[in-house]
1. Quick test for you: out of 514, 500, 568, 530, pick the one residue that is in contact with a Lys or Arg (Cβ under 9 Å, 6 or more places away or on another chain), away from ligand 1 (no atom under 15 Å from the Cβ) and either in a helix (DSSP H, G or I) or in contact (Cβ under 8 Å) with a residue 60 or more places away in the chain (or both).
2. Residue under question is residue 89, and the condition is that it be farther than 16 Å from residue 164 by Cα and under 22 Å from the mean Cα position of the chain (by Cα); does it hold?
3. Could you tell me which residue of the range 486-524 is nearest to residue 448 (Cα to Cα), considering only residues that are within 15 Å of ligand 2 (Cβ to nearest atom) and of a type in the set (A, V, I, L, M)?
4. Keeping to the range 82-139, report how many residues are touching a strand residue (DSSP E or B) at 6+ places or on another chain (Cβ under 8 Å), open to solvent by 40 Å² or more (accessible area, probe 1.4 Å) and not small (Gly, Ala, Ser).
5. So residue 51 clears everything in (1) small (Gly, Ala, Ser); (2) in a helix (DSSP H, G or I); (3) under 26 Å from residue 551 (Cα atoms) except one condition, right? Which one?
6. Among (1) over 20 Å from the mean Cα position of the chain (by Cα); (2) touching a residue at least 40 places away in the same chain (Cβ under 8 Å); (3) buried (at least 24 other Cβ atoms within 10 Å of the Cβ), where does residue 260 come up short?
7. Of all residues in the range 580-593, which are surrounded by 20 or more Cβ atoms within 10 Å (Cβ to Cβ), in contact with a Lys or Arg (Cβ under 9 Å, 6 or more places away or on another chain) and outside any helix (DSSP H, G or I)?
Amino acid sequence: MRRHLAEIVEARLSRRGFLGGAAAAGFLATAPGVAAGSAVPPFRFDEIAHGVDATHHVAPGHVARVLLRWGDPILPGAPAFAPGAQTPEAQMGQFGMNCDFIGVLPLADRGGRERMLLCVNHEYTIPTLMFPDLFDAAGRFDPARYTARHAALEQAATGCSVVEVERGPDGWRHRVSPRNRAVRAWNSAIAISGPAAGDERLRTAADPSGTRVIGTFGNCAGGMTPWGTYLTAEENFQFYFTGTLPEGHPEAGAFRRYGLGGRGDRYPWGRFDARFDMGREPNEANRFGWVVEVDPLDPRAMPVKRTALGRFSHEGAETHVNGDGRLVIYMGDDARNEYLYRYVSKGRVSRDRRANRRLLDEGVLSVAVFDESGLDWRPLVFGEGPLTPANGFRSQADVLIEARRAADLVGATPMDRPEDVEAHPTNGRVYVMLTNNRDRTAPNPANPRLANAYGQILELVAPGGDHAADRFGWEMLVLCGPPADPAAGARWGAGTSANGWFASPDNCAFDPMGRLWVASDQGNAWPLTGTADGLWALGTEGPERGVGRMFFRVPVGAELCGPRFARGGRTLFLSVQHPGADGTKEWAPFARESTFHDPATRWPDFQPDMPPRPSVVVVERADGGVIGA
Ligand code: FEO
Ligand code: CA
């Protein structure tokens, strides 16, 4: 870190005592002035230990049960999960793969049982853990065996689900209910609305209107709106398009900026379906990378891609109602050196559910420009500043379709992969998970480490609690990584234990007391920390500020997603995504790549005929009390 940057970060950490590189080197130990008068109660639970093994772990005194597994039937008439012998039609009636975001929508009790709808994303599929018939007799994966049926099955397993769950005497279970819904990449019709709807860049042979698209995929995190709809965020859509644009095609530059055509045949859907082949249907890729609104209360309502929120690798879309009634959505573009965005609706949230939908079509998208002491939100509005025909923008549709280039031109600050961004419910602060960035070559105040392997969490400060303000302040909450290694440059609150620190913050959640919980996703890099991913409580106030505490750990190869509290903090839903998948070569007891036939773990069933199954887990305290209180 350059000297002046080190000083800036020190200043942005200044209000409290931190341990980390500096502490380990012996300089920093004083506990400084702490923000007093905090109403946030401290965390109370005994933390678990870092480590890696085949199953999950939760803090003592809590019970964690598997609620919904990949393949569980959710729609009436759906067959039982038949691993290795699935059909696309069966998978459309079953819970999808790789659960991520979880939203909850409480329903009225029935028969004395509490009920709710869970809204769950299925981010992506893993063919090597899904299809036994893609391996040859020697057990080698053979992509040449991949057929149209495999593509359709993957499409049927990615997207999102709405599932009714109820709490009986034995705890939570899901119901096969007519309320349930599967919106997937396969056969699900989705409308396109907002300023880019109907634009010529969104028109295709199958949809000359540019207003109707089949499917959603790459659904990472999301958000719930105040009117009870579900926002599902399309993240890594670029992996699903193959082929090359026709020579001299006008989209060539824009597609490069979005990583299209750069990763080859990651999902070879384009071999079987022209719309995923950029050479045959160039505009199809412009119809992905949006935030999609789903109405869980009306299974017949067509989902809608809301283009006013911009097009990029959308991590999530958590909402906040500003003091003046406008809806504010903070959004990260999860790619290295991409940006942090904010959307502010033109109108105000009202009791009229239908009118509220317009809030997602009319508003201003802005991007964050950080400096030493604050950040400016620069609007991405056609005709303003550089966003003019002179720079190739002909309309607001162009600005939204190429939000990244528009953000480049207004001077947005390149970030260390912005993941979840969530506003505290009441105090005007906003927490930004920055997961890591191995490609950072030029540090800046909010992203101060080169080749950042561990990530950091920023705290944005909306002045006077006004989330629509043009300028915010910011502080550095933590610089993640091992506090005992001075070279890591980590900074944690004094009192963080050997298990309380973590790396690669990804998803986050506030509990009903306004306390922050952070989930990690280290991918194959978990050996850097020696622990599987998990969920940590992370203090933001008083002496606990910047102090982490490990609450839940996932099985080997998984990441933790979707933390969502319900029932006044007495219930916590978690997604355990891709168990047995990532970094299993580095796990000494296994030391090889997982496959369908030979996985590193068969969590959660541990049956010889069952592959590892991404699942939603429900956590409660054994005595029924508030989690962590
Ligand atoms: Fe799908 Fe950014 O994690
Ligand atoms: Ca994520």
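The values are calculated or read from the model by the stated rules, or taken from the named source; none is laboratory data. Note that the structure is predicted; figures quoted are calculated from it, not measured. Note that each Cβ is placed from the backbone with ideal geometry, even for glycine, and that neighbours are counted across all protein chains shown. In case anyone asks, the SASA skips ligands and DNA or RNA and just uses the protein heavy atoms, side chains included. Shrake-Rupley method; radii C 1.70, N 1.55, O 1.52, S 1.80 Å.
1. Numbers: 514 fails: in contact with a Lys or Arg (Cβ under 9 Å, 6 or more places away or on another chain); 568 fails: in contact with a Lys or Arg (Cβ under 9 Å, 6 or more places away or on another chain); 530 fails: in contact with a Lys or Arg (Cβ under 9 Å, 6 or more places away or on another chain).
The unique qualifying residue is 500.
2. On the way: farther than 16 Å from residue 164 by Cα: yes; under 22 Å from the mean Cα position of the chain (by Cα): no.
No, not satisfied.
3. My answer is 503.
4. 6
5. (2)
6. The one condition residue 260 does not meet is (2).
7. 580
Okay, residues lined up against (1) part of a loop (DSSP other than H, G, I, E, B); (2) within 16 Å of ligand 2 (Cβ to nearest atom); (3) touching a residue at least 40 places away in the same chain (Cβ under 8 Å); (4) open to solvent by less than 30 Å² (accessible area, probe 1.4 Å):
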residue	(1), (2), (3), (4)
301	yes, no, no, yes
329	no, no, yes, yes
354	no, no, no, no
383	yes, no, no, no
400	no, no, yes, yes
